[in-house]
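Undergrad: Mind looking over this structure? Questions follow.
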Amino acid sequence: MSPSHTADAFPRAHEPIAEWTTRPRGVLGEWGHGVPWCLHSPPVLRTARRTPPAPPSGAVSLPSSPRSVAAARRFSRGLLAEWGLDELADDAVLLLSELVTNAIVHVPEGSGEVRLALSRTPAQLVVQVTDGGGRLPLCGEAGADSENGRGIWLVEQLATEWGHHTSGGGKTIWFTLPLPGATPLG
C-alpha cells in the first residue's frame, strides 16, 4: 500500500524532515529566499548574456628584410579595404611603412621578425609595429638633402596619437588615426 501523503512515507521521521518533504523548497541565489522550486518543473532556460564582439583586427609577422615593407603595405591595404576604410589607407600605409622600415633598419640582424597589427575601435584605427630591438624611436632633424630621418616626424604630424613601449626584449611603436565620420574622443 502506498502512502497517501509524502510525509507518511517517513513514519518515524522527525517533524522538520516531514515538513521539508511537504513544502516546495525556496531557491537561493539572485532571487533570495522564498521563490518556490518545484522538482517536477523543467528548468527555466535563461538567455546568456552576450558580450560584445571583439573589435576587428589583423596581424602579420614579417621577416626582417627590406621586402617586408611592401608586404606590410599590401597586407594593410587589403585589410583596410575589407573593413571599408579605403579612405584611411594612404595615411595609414605611409605611416606604417615608416615604422616597419625603421624596425628593419634599426634592429640588429637576427633579432627576429617584425610584427604588424591593425585593429579598429568604433572611433579609430590602431596600428602597432613590434620588433626585437630595444632602441626607442627619436624624432630627429633631417637635413634638407637627407633621404631619411623623417619617419617619426611624419608619424607625429599625421597620427592622432602615437607612442611606444618596451615589450619582452623588444619594443612596440603604435599610432592611431580617426575613422571617417567618427566623433573625436575627448
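Undergrad: Estimate the FRET efficiency between Arg67 and Asp91 by the formula 1/(1 + (r/R0)^6), using the beta-carbon distance for r and 25 Å for R0, to the nearest 0.05.
TA: Taking R0 as 25 Å, the efficiency between Arg67 and Asp91 is 0.65.
Undergrad: Report the gain in length on full extension from Glu161 to Ala182: 0.36 nm times residue separation, minus Cα-Cα distance, nm rounded to one decimal.
TA: 6.0 nm
Undergrad: To continue, here is another question. Among 91-102, 64-75, 169-180, how do they line up from the highest to the lowest mean number of other beta-carbon atoms within 10 Å?
TA: 91-102, 169-180, 64-75
Read the figures in this text as sums done on the coordinates, not as results from a lab. Quick caveat, the model's predicted, so the values are computed rather than measured. All Cβ positions, glycine included, derive from the backbone under ideal geometry; neighbour counts span all protein chains shown.
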